[in-house]
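Colleague: Here you go, one structure.
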């Protein structure tokens, strides 16, 4: 994994970086290539408000989440939660798209009659 950290208007702390890396480990199951990229942008608007922005390039898409809170660690958790929901939604769309196609053979044979359906199959072959 590739991590990039940007701190705006605040001190770059190793503890915040380690916490962010630890919390994003569970998102690896959504990565579609071997080197996913995480970009973290932490910003202090004033002493009592922090913003965490996470940009995740998973190979199959580009996902962005932001959260503002009075505590930076809470903002990180909320941003990761939003990102996880986005990734889960994308995963469900892919699974629905690749779901098994229904077999219409029985339906067509009931509608057209067995004889007609068998004749159509013989003509196609």
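Derivation of every value follows stated rules applied to the coordinates shown; laboratory data play no part. Fair warning: this is a prediction, and the values are worked out from it, not measured in the lab. Heads up, the Cβs are rebuilt from the backbone with ideal geometry, glycines too, and the neighbour counts pull from every protein chain shown.
Colleague: Given a Förster distance of 22 angstrom, what is the FRET efficiency for residue 2 paired with residue 86, based on the Cβ-Cβ distance and rounded to 0.05? Present the calculation step by step, with values, prior to reporting the outcome.
Modeller: Numbers: r = 19 Å, r/R0 = 0.88.
E(calc), rounded to 0.05, equals 0.70.
Colleague: Same structure again: Please compute the contact order of the stretch 2-97 in relative form: average sequence separation of alpha-carbon pairs under 8 Å and at least six residues apart, divided by the residue count, as a percent.
Modeller: 24
Colleague: Full-extension gain between residue 64 and residue 29, please, as 0.36 nm times their residue separation minus the C-alpha to C-alpha distance.
Modeller: Working: separation 35, 0.36 × 35 = 12.60 nm, distance 1.71 nm.
My answer for the length gained is 10.9 nm.
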